[in-house]
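K.L.:
Before I ask anything, let me first share the structure, which is written out below as structure tokens.
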Amino acid sequence: MDNAPGGPPAGNSTSISGFLERVVAARGYRGQIVHVEEIASRDPAFVAPRTPLSEPILAALRSLGISSLYAHQAAAIDRVAEGKNVAIVTSTASGKTICYNIPVLEALLADKDSTALYLFPTKALAQDQLRGLGSLCGSDPSLAGLIHAGTYDGDTPGETRRKLRNEAKVL
């Protein structure tokens, strides 16, 4: 039985090829897929940034089980250190957050009066990124006391907003 137009194909998929065959055959998708290509997996490329990372950052990364940076992370950190603008476009869970958290934390370590403003399109993403930053900073004592971070949005209570405006190093 064909699926309704626009709906996902029914049935359990035990393989990618089986799933794709069902999508191609589904009435709602027929004629929409013009090319399917399998790209072989490849080993990750690890590179150390040319810009040396501070010991607190290295210690925090190590405590999270990160002993090496991916090539795109190292390149982004180096470009930011050179004063260049950076845009990172990679798949989900590829470590994009490190590309901006590391330079921000390095800047906060270098200048205790600096502040960073993070902008996210959704509250859920902002909360997720705040948790990630908290994990990174909480993993090393020299970073734990470095920043006061918080989300500042329409749901932030007035007293919290005031405190964030006065004390936050990362908003």
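The values are calculated or read from the model by the stated rules, or taken from the named source; none is laboratory data. Not measured: the values here are computed from a predicted model. Cβ atoms come from the backbone with ideal geometry, glycine included; neighbour counts cover every protein chain shown. The accessibility values were calculated without ligands, DNA or RNA, using every heavy atom of the protein model including side chains. Shrake-Rupley method; radii C 1.70, N 1.55, O 1.52, S 1.80 Å.
K.L.:
Translational diffusion coefficient, Stokes-Einstein: compute it for region 64-108 using the Kirkwood radius over C-alpha pairs as Rh, at 20 °C and 1.002 mPa s, and state it as an integer in µm² s⁻¹.
P.N.:
Result for D is 196 µm²/s.
K.L.:
Please compute the volume of the convex hull spanned by the alpha-carbon atoms of the chain and report it per residue in Å³.
P.N.:
184
K.L.:
Only residues of region 21-43 count here: report those whose backbone N is under 13 Å from the spot 7 Å along Cα→Cβ of residue 68, or say none.
P.N.:
43
K.L.:
Also: Mind listing which trypsin sites (Lys or Arg not before Pro) in region 80-116 are in a DSSP loop and have 14 or fewer other Cβ atoms within 10 Å?
P.N.:
Within region 80-116, the qualifying trypsin sites (Lys or Arg not before Pro) (loop, at most 14 other Cβ atoms within 10 Å) are 84, 112.
K.L.:
Could you order 19, 120 so the one with the most accessible surface comes first? Probe is 1.4 Å.
P.N.:
19, 120
K.L.:
Take a quick pass over the chain and tell me how many lysine pairs come in under 23 angstrom between Cα atoms, counting only ones 8 or more apart or on separate chains.
P.N.:
The result is 9.
K.L.:
Which order do 156, 97 take when ranked by solvent-accessible area (1.4 Å probe, heavy atoms of all protein chains), largest first?
P.N.:
Putting 156, 97 in descending order of accessible area: 97, 156.
K.L.:
Next question, about the same structure. Need one number for region 20-59: average projected area of the convex hull over its C-alpha atoms, nm².
P.N.:
Convex hull of Cα atoms, orientation-averaged projection: 6.3 nm².
K.L.:
I'd like the accessible area for residue 22: 1.4 Å probe, protein heavy atoms, all chains in place, Å² to the nearest 10.
P.N.:
For residue 22, solvent-accessible area is about 70 Å².
K.L.:
Further question: Sticking with the crude label model, points 7 Å out along Cα→Cβ, report the distance from residue 93 to residue 17 in nm, one decimal please.
P.N.:
Distance between label points: 2.4 nm.
K.L.:
Within 11 Å, Cβ to Cβ, of residue 81, how many net charges do the neighbouring residues add up to if Lys/Arg are +1 and Asp/Glu are -1?
P.N.:
It works out to a net charge of 0.
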